[in-house]
Amino acid sequence: MAASHLGALNEFCWMDLKTHDVPGTAAFFSAVLGWRFAVDEGDWRRAVKIFADGRQIGGVSDLSSPVYPPGTPAHIAYYLAVDDVEARTEAATAAGARLVLAPFDAGDQGRIATLVDPVGAAFSLWQTHPSNRWSPSASAPQRMILACPRPERARRFYRDMLGTVPGCADFVRMHGPGRCAPRWELVVAVDDPDAVALRARGLGCEMPYGTDHTSPDDQRLSSPDGLTFRIRAAAS
């Protein structure tokens, strides 16, 4: 059996940074992580895409657009690659998820649905061509982590929805008075996490730490708009 990777079927495969400050978000992550933000000239929508090591790893959405309700907070939308978005949406709601956006056509990019899982973490399902997903050779997306009070409940839900537990996702327990609402976070592989953290602090970024039982080597960084990633040393 082939090893699983982010971008494969039944794994997280894409991210969309939804922000009130597209230039500020691009400047922050370009300076801190070395990501490149550019308009995709091959896309009729002229969408802003994010590149790491020359490969697309995500997109950017401007929350000032009228398609978003006023007051929508900045957040990162993460997408799971599925074979049949209608069937997986039905399985998700049967397993306890709340439907936010029913399956719809996303132009020529496939079909998407958005839900909130039983522990409170939002996610989207995406039925699309593999060329639109994360490439296994992209170094930046490393793993996905969901820290929540009931990790085993979350694991069962994703297994019931997909028929398998995503191999590149970790479900960990979070507790303590300062915990945030459950949400999926991407682990970004970097050569020198301490140097990345130092650059982030130099731009006025607080380095928020959680109280979950994950790798002690993980650090979090958060953009001025509150978009949060975990950083971890890349495998040598």
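The values are calculated or read from the model by the stated rules, or taken from the named source; none is laboratory data. These figures come from a predicted structure and were not determined experimentally. Glycine gets a Cβ as well: all are built from the backbone with ideal geometry, and neighbour counts include every protein chain shown. Protein only, heavy atoms only, side chains kept; ligands, DNA and RNA dropped before computing areas. Shrake-Rupley method; radii C 1.70, N 1.55, O 1.52, S 1.80 Å.
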Accessible surface of the chain, 1.4 Å probe, proportion on carbon and sulfur as whole %: 53
Region 73-148, Cα convex hull volume normalised per residue, Å³: 118
Area accessible to solvent at residue 173, 1.4 Å probe radius, in Å²: 110
Vicinal HN-Hα couplings computed from phi for region 167-173 (Karplus, 6.51 cos²θ - 1.76 cosθ + 1.60; Hz; Gly/Pro x): x, 9, 10, 10, 10, 10, 7
Descending semi-axes in whole angstrom, ellipsoid equivalent of the chain, from the Cα gyration tensor: 25, 22, 18
Per residue, in Å², the accessible surface of the chain once ligands and nucleic acids are set aside, probe 1.4 Å: 48
Residue-averaged 222 nm ellipticity for the chain, from DSSP H runs of 4+ at -39500 (n - 2.57), nearest 500: -5500 deg cm²/dmol
Magnitude of the charge dipole, the chain, Cβ model with Lys/Arg +1 and Asp/Glu -1, debye to 20: 460
Residue-level accessible surface for residue 152, protein heavy atoms, 1.4 Å, Å²: 100
Size descriptor, Kirkwood hydrodynamic radius, that averages inverse alpha-carbon separations across region 17-107, Å: 15.3
Listed residue (162, 35, 24) projecting farthest to the positive dipole end of the chain, Cβ model: 162
